[in-house]
């Protein structure tokens, strides 16, 4: 024991160990905060919530999970297989069009469809023009919410499934065919099981987004844990009860992750030999290919084309009212905040990737994995987890300044942009970390080790060797975080300062005031910033696999 | 000759102690010596070199370089401060730097970088390639650049990790001689890791045989060839057959001192009158290019293999010379 202590602290503990611990603490603080605050007990309204609404939150969240799982799997897997396996008209274009719904935040898709189906909405106008007056559809309920969330989020499943279908199943399909199995049997018995981990991985991302959603659920009147947290925090002003709700939501998230790991078990889905065969495309009859084309077009139409056309139309109608100087200021603020967040988050991703590597304590070397934590935690929970310690720090600073220098100042950190940026970093760290880590895996550790053996320390080796070779990963990370920040709503709503506004919040505010058409222009601005990176992402996926 | 590297009781395990990869290794290397670390995959060769260079830490034991402790329970000198050159198995050339920049990378600002680079480029015969990038070089050229880069630092110790594994046979033989000449010319103390005993025999002054993290035997190639400690060491040089006392009795060999004996296939002599012989019936004689591989059975039923220049059939006389009989521990 004494020897282990000697080795641990005297030999292996270095400055990078300290920096690693600091970064880990920085990232884990929101969760630690929520956990520790559980011990101080819930607020007065907790019992009311347990008696009256907790079951509703739970059931609605469960229905959302089940419904979105079913639909995103249906849209995502089927479209991935069709574009991968069959020669469809414009199949190259279809492949990246199917990713485009990701450019539209789910709450904007929700507002658009609500307006489309609403009284006096576009659908009613179209139906009236062809003589149908009595057919109305109410979409603002849990079923409508499931539909719009699925239409918006299915690309997560699509991207994961497509990669496996295209590049990991060719040889297996050949083997299956030589053993007498037809196309259908091969798909269900071979291709789908092999793709299962990737599909589940995509599905997990969908479910995280579903649990994180606030804008769509609020607008559709569906009470979920996230809307409950907002209500408890803002309307009831009961932070401790909000913390309890956050903890319950966290438990659900962890349960999903653990369930996913458990169901995977010890099965290996890796091929025993490397397969270099890309899945060959089958040519079908013209009738079949048109039929399949229409089926594949449905999710593109519902997830992207229809919402965008609707938003463009409304923008034209409301442009003069919305496009004011203050709107452009908001757009600039959004842009600036997203750029700053992207820069900071990418920097932190580099720190959490390299500091553990440079430290010598074995148990700390794996602490980079904490980077992925933030993406699993709903934005509302992060917001609360960030606010509590920063508020405590503010109170301590106010007290200290009063005692030491008799200076009376208000809150310094809380209510400032720093808290918002801190929360953004936690939330999007995984988004930045993953492409950088993937790039780094390709480079390997060999070059940095060679550099160290040539006399350069960790930092010099990083800047001279790793950094120039990480450019594509860093660029992807920057773009992805930028887009996600532009789209982010729940966290921003809780933590934004009085003088900071974003396009996402503006769209939400318009929608909340039943000004759906006015919400179109800020929504379109968000979508435009999202489209190009989504296309870039598609290119990067294809280049990486090639 | 002074000792450059001194390793005492070095141990390392993975998986929270469940997998011992290095077990109480003691090793000394003198200045100018070329030492080969030989062993099968998983024997601990690469882990040992990574610990020596500081890329990994040990659990127990100490390492001294030129009399200075660089690693023990309380001390750890960073890899960049140990002045140990390393040539990696995949060369690890920086793809975005030219040959000149790669080689000059480790040369300190106080030295004349151009002179330093030109000198080693001359040494490895790549002067006209200095402006090229690694991807514009052949495998052999990349190997030489990697060596030049490590030598440019005038290291205390040079480690070559499987330096020839990525090369074809002819290129390997050519480079092996070149590298040997360069190392002797510069008097560089070298440890090189290989799983191929032929490379070790060709270059090394001494060979260290590792198995399951332990040093099985250490000595010159001749010593290991003539007096291997066990069957594993013996078989590293050439195929051997194990012989029991009962097997040796068939040859009329009665002086049994050890439990285990072995003979190299090339030392089994066919159809020659020797002191220790036996008659055997050849079951199979297979052509393998430059010799025939034969299978026969001794009087006690033991299957024996041996080589011959010609195809054999029916009964033959097999024998061996006493000096070629390997007495194993």
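The values are calculated or read from the model by the stated rules, or taken from the named source; none is laboratory data. The structure displayed is predicted, hence computed values, not measured ones. Here Cβ is always computed from backbone atoms with ideal geometry, including for glycine, and neighbour counts include all displayed protein chains.
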ask   = Among all residue pairs at least 6 apart or on different chains, which show Cβ distances below 6 Å where the first residue, located in the stretch A:348-365, is free of Cβ contacts under 8 Å to residues at least 24 places away in the same chain and the second is buried (at least 20 other Cβ atoms within 10 Å of the Cβ) and part of a helix (DSSP H, G or I)?
value = A:365/A:356
key: Where residue B:71 falls short, out of the listed (1) surrounded by 22 or more Cβ atoms within 10 Å (Cβ to Cβ); (2) in contact (Cβ under 8 Å) with a residue 24 or more places away in the chain   = (2)
Hits in the stretch A:116-135 (condition: out of contact with any helix residue (DSSP H, G or I) (no Cβ under 8 Å at 6 or more places or on another chain) and either in a loop (DSSP other than H, G, I, E, B) or closer than 19 Å to residue A:219 by Cα (or both)) = A:119, A:120, A:130, A:131, A:132, A:134
ask   = Within the stretch A:314-328, restricting attention to residues that are free of Cβ contacts under 8 Å to residues at least 24 places away in the same chain and in a helix (DSSP H, G or I), which residue is farthest from residue A:519 (Cα to Cα)?
value = A:325
request  = Working carefully through the options A:386, A:381, find the one that is buried (at least 19 other Cβ atoms within 10 Å of the Cβ), modelled with pLDDT of 90 or more and part of a helix (DSSP H, G or I).
outcome  = A:386
request  = Would you check if there is a residue in the stretch A:14-36 being surrounded by 14 or more Cβ atoms within 10 Å (Cβ to Cβ), in a helix (DSSP H, G or I) and within 14 Å of chain B (Cβ to nearest Cβ)?
outcome  = yes
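Suppose we keep only residues that are under 30 Å from residue A:219 (Cα atoms) and either modelled with pLDDT of 90 or more or within 13 Å of chain B (Cβ to nearest Cβ) (or both) within the stretch A:455-483. Which one would you say is surrounded by the most Cβ atoms within 10 Å (Cβ to Cβ)? So that I can check it myself, show each step before the final result.
Kept after step one, since they are under 30 Å from residue A:219 (Cα atoms), are these residues of the stretch A:455-483: A:479-483.
Adding the requirement that they be either modelled with pLDDT of 90 or more or within 13 Å of chain B (Cβ to nearest Cβ) (or both) leaves A:481-482.
Values: A:481: 30, A:482: 25.
Result: A:481.
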remark   = Per the filter on the stretch B:54-88, residues touching a strand residue (DSSP E or B) at 6+ places or on another chain (Cβ under 7 Å), facing chain A (nearest Cβ under 7 Å) and assigned to a loop (DSSP other than H, G, I, E, B) are B:57, B:75, B:88
Sole exception among (1) in a loop (DSSP other than H, G, I, E, B); (2) under 27 Å from residue A:67 (Cβ atoms) for residue A:95, by number = (1)
task = Report, by residue number, each residue of the stretch A:43-56 that is closer than 17 Å to residue A:226 by Cα and touching a helix residue (DSSP H, G or I) at 6+ places or on another chain (Cβ under 7 Å).
result = A:45, A:46, A:49, A:53
request  = Inspect all residues belonging to the stretch A:433-454 and state whether any of them is surrounded by 22 or more Cβ atoms within 10 Å (Cβ to Cβ) and not in a helix (DSSP H, G or I).
outcome  = yes
Check on residue A:51, exposed (fewer than 14 other Cβ atoms within 10 Å of the Cβ), within 14 Å of chain B (Cβ to nearest Cβ) and part of a helix (DSSP H, G or I) = no
query = On the given criteria, is residue B:42 surrounded by fewer than 22 Cβ atoms within 10 Å (Cβ to Cβ) and either under 28 Å from residue B:203 (Cα atoms) or within 12 Å of another protein chain (Cβ to nearest Cβ) (or both)?
reply = yes
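Which of the following residues is at pLDDT 90 or above and more than 23 Å from the chain's Cα centre (by Cα): A:510, A:498? Give the derivation first.
Working: A:498 fails: at pLDDT 90 or above.
Result: A:510 is the single residue among A:510, A:498 that is at pLDDT 90 or above and more than 23 Å from the chain's Cα centre (by Cα).
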key: Those residues of the stretch B:257-275 which are surrounded by fewer than 15 Cβ atoms within 10 Å (Cβ to Cβ) and assigned to a helix (DSSP H, G or I), in sequence order   = B:266
Odd one out for residue B:28, checked against (1) closer than 27 Å to residue B:233 by Cα; (2) touching a residue at least 24 places away in the same chain (Cβ under 8 Å); (3) under 24 Å from the mean Cα position of the chain (by Cα); (4) within 11 Å of chain A (Cβ to nearest Cβ) = (4)
